[in-house]
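S.K.: I am attaching a structure below and will ask some questions about it afterwards.
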Amino acid sequence: MASILALIAAFLFALAATLQQKGALNLPTISLSDPKSLARLAGQTMWLLGTVALLVGYVVQAAALDRGRLAIIQPLLVTTVIFALPLGYFLTHQHVGKREIIGALVIIFGLGMFAYFGDPAGGNENAPNNEWAIAIGVLVALSVILLGFCRRNEDNLTVRAAGYGTVSGIMFGLSASLTKPTLDGLHESVGTMLSHWYCYALALSGILGFVLQQISLGTGRLAPSVATVSVANPIVGISIGVLLLDERFAQPNWHIVVAVVGLGVALVGAVVISLAHEAAKEDTIGGGAPEGAPAAA
């Protein structure tokens, strides 16, 4: 049931990203330096529908995490890239070719290997505060570095889509990880949940991830945006699940090796989709602006 819920959440995230991008394409460039550009999104019907789908996806993902392990639920969200391909094709006229289809099949194969041979089990719902502090500090530092790189490459839409998408995925992965202790407190009472810092950190990281994803989607580069979010999110989730929450993979050791290889294959598939999509865009530049690109600022 947890895996099925994770796949449903992945579909909702793909639908949300596609609808939000469709709404953002009607607006000038979206940027952190121009808060009004973010506020204008609220006037776009498609963007609002995408936001509703995103919120429902969060709820479904939380239900999956409440029933399963972080190290298996988060990798399944890589399928968001697969769902985004047909949705992007029909809703925003994104290019889908042989390389994108091959990448999708590679993701399915890799995730199948990971789920079958990995079978993460055990683990805790929470970790000591000092360990959380170290993990959050590392993720924040990495995010600041990536955002600085994005600001130095504002004119490169692909770099912006991938950079902001990666930081968004990091924030979503952190938010998902904090869902475990937050739900643990909620099972006792709402008051217990609100008395701990986890729920507030969850909300803050989730909001930051949401805002950064809008900037990434606003570039018009759906494939690299969704791919980087879908790759960074599970990497953060698996890392926290294993290092902080003591989730362990199935034995014998060769199962672990095959599972890790399978996850790597799935992530490579997501990157292949991103690169293939951008290569197709480059082929159309001579005929005018790439399809799906936002209006000039």
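S.K.: Tell me, which longest segment in the chain has none of the GluC sites (Glu not before Pro) that fall in DSSP loops with at most 16 further Cβ atoms within 10 Å?
M.R.: With a cap of 16 other Cβ atoms within 10 Å, the longest stretch comes to 155-290.
S.K.: If you place +1 on the Cβ of every Lys and Arg, -1 on the Cβ of every Asp and Glu, and leave all else neutral, what size is the dipole of the chain about its Cα centre, to the nearest 20 Debye?
M.R.: 440 debye
S.K.: Fully extended, how many nm does the chain gain between ILE145 and ALA203 (0.36 nm per residue separation, minus their Cα-Cα distance)?
M.R.: 18.7 nm
S.K.: For the pair GLU131 and HIS255, what calculated FRET efficiency results from E = 1/(1 + (r/R0)^6), where r is the Cβ-Cβ distance and R0 = 22 Å, to the nearest 0.05?
M.R.: That pair, HIS255 with GLU131, gives E of 0.25.
S.K.: Still on this structure, I have one more. For the pair ILE8/ILE102, report the inter-label distance in nm, with labels modelled 7 Å from Cα in the Cβ direction.
M.R.: The answer from the label model is 3.5 nm.
S.K.: Right, next: Per residue, how much space in cubic angstrom lies within the convex hull of the C-alpha atoms of region 1-151?
M.R.: Per residue, the Cα convex hull of region 1-151 comes to 154 Å³.
S.K.: If packing is taken as the average number of other Cβ atoms within 10 Å across a peptide's residues, how do 263-273, 169-179 rank, most packed first?
M.R.: Answer by packing, highest mean first, reads 169-179, 263-273.
S.K.: Can you tally the lysine pairs in region 2-287 where the Cα-Cα distance is under 30 Å and the two residues are eight or more apart, or on different chains?
M.R.: Lysine pair count for region 2-287: 5.
S.K.: With N set to the number of residues, divide the alpha-carbon radius of gyration of region 83-159 by 2.2 N^0.38 Å and report two decimals.
M.R.: Output field value: 1.68.
S.K.: Largest first and in whole Å, give the semi-axes of the chain's equivalent ellipsoid, each being the square root of 5 times a Cα gyration tensor eigenvalue.
M.R.: So the equivalent ellipsoid measures 30, 23, 17 Å along its semi-axes.
S.K.: Now a separate question. Once you put a point 7 Å from the Cα of VAL52 and another 7 Å from the Cα of HIS93, both along the Cβ direction, what distance in nm separates them?
M.R.: 2.6 nm
No lab work stands behind these numbers, since they all come straight from the coordinates. Just so it is clear, the model here is predicted, and its values are computed rather than measured. For neighbour counting, all protein chains shown are included, and Cβ atoms are generated from backbone atoms with ideal geometry for every residue, glycine included.
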